[in-house]
Amino acid sequence: MLYVGGVVGFALLALWVFCLVDVILTPEGECRNLPKLAWLLIVLILPDIGSIIWLIAGRPRSTRPRFSGHYAGARPSGFPEYERPGRATASTPEADAEFLAQCRARAEEQRAAARRRDAEPGAD
């Protein structure tokens, strides 16, 4: 019986620590129903019940991650393709200039092909 009580006690302690850290890391504007300081006091003063109330009524409903993963202070850009792991980025200014030159050349080839296609007789 003592073993079960220890496991439950440890689970409640872990829940309390998780909720305490979650309240602290949640931005002020994202807390629901009460100000952030009120939620912090509720979770501190009423560890078990306050933690459950925080999860139900105070925690933001957002399903997106708060951090983009690059570093803790990173803000999501709103363009998920820029945050994709393995995204190719230019490592040097020369590589970037070469890539842009290739893009311009390809665009010019496409424009020339479109002009030829439009200039052909019977192209309506």
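Only one of 107, 95 is surrounded by 10 or more Cβ atoms within 10 Å (Cβ to Cβ), part of a helix (DSSP H, G or I), out of contact with any Gly (no Cβ under 9 Å at 6 or more places or on another chain) and modelled with pLDDT of 85 or more; which? Walk me through how you get there before you give the answer.
Numbers: 95 fails: modelled with pLDDT of 85 or more.
Criteria check complete, one pass: 107.
Scanning the stretch 1-48 for residues that are open to solvent by less than 50 Å² (accessible area, probe 1.4 Å) and of a type in the set (Ser, Thr, Tyr) yields a count of 1.
The values are calculated or read from the model by the stated rules, or taken from the named source; none is laboratory data. It should be emphasised that the depicted structure is a prediction, and the values quoted were computed from it without experimental measurement. Virtual Cβ from ideal backbone geometry, glycine too; neighbours counted across all protein chains shown. With ligands, DNA and RNA removed, areas are computed over all heavy atoms of the protein, side chains included. Shrake-Rupley method; radii C 1.70, N 1.55, O 1.52, S 1.80 Å.
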